[in-house]
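Enquirer: First the structure, which I've put down as structure tokens, then a few questions once you've had a look.
The values are calculated or read from the model by the stated rules, or taken from the named source; none is laboratory data. This one's a predicted model, so the numbers in the text were calculated from it and none came from an experiment. For neighbour counting, all protein chains shown are included, and Cβ atoms are generated from backbone atoms with ideal geometry for every residue, glycine included.
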Amino acid sequence: MTSHDSGRDRADRCPGVLRPWIADDGALVRLRLIGGRLPTSALAALTEIAATHADGNLYLTKRANVQLRALTHQDGCVSSAFVEAVTAAGVLPSLTHELVRNVMVSPLSGRRGGQADLRPVADRYD
């Protein structure tokens, strides 16, 4: 077993829109995708949000989330304009449990030939 010293003096956190991780290049947030779904309208809105508020890129994580980097922040908080834009895009469904992670169902759920459509179940969990 090996250990790795990252040289950081703070623990990792699971960053969300309302609780970003402050990285060397600015604030980092991960967006929750309920049931692993990202409607094309939300994706289009996120590309504009990334260009306006972040480094212009959307990052796909290993755990089926979308991440934005290099957001400007004031004392560890992202701007209200960013929060409003993410909310309007439909990817900040709740301010009270925004950090709940990975309500996942099969991406084929509800598609032709499937046994059951679990998308409504994921929506109810959220």
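Enquirer: Could you check, for the range 65-81, whether at least one of its residues is in a helix (DSSP H, G or I), modelled with pLDDT of 95 or more and either under 17 Å from residue 123 (Cβ atoms) or not basic (Lys, Arg) (or both)?
Expert: Checking the range 65-81: at least one residue is in a helix (DSSP H, G or I), modelled with pLDDT of 95 or more and either under 17 Å from residue 123 (Cβ atoms) or not basic (Lys, Arg) (or both).
Enquirer: Now, a different point. Restricting to the range 1-46, and then to whatever is of a type in the set (D, E, K, R) and surrounded by 19 or more Cβ atoms within 10 Å (Cβ to Cβ), can you tell me which residue is modelled with the highest pLDDT?
Expert: Among residues in the range 1-46 that are of a type in the set (D, E, K, R) and surrounded by 19 or more Cβ atoms within 10 Å (Cβ to Cβ), the one modelled with the highest pLDDT is 30.
Enquirer: Scan the range 82-111 for residues that are outside any loop (DSSP other than H, G, I, E, B) and either farther than 19 Å from residue 28 by Cα or not aromatic (Phe, Trp, Tyr) (or both) and jot them down.
Expert: 83, 84, 85, 86, 87, 88
Enquirer: Name the residue that is farthest from residue 78 (Cα to Cα), counting only residues in the range 12-46 that are free of Cβ contacts under 8 Å to residues at least 24 places away in the same chain and in a helix (DSSP H, G or I).
Expert: 40
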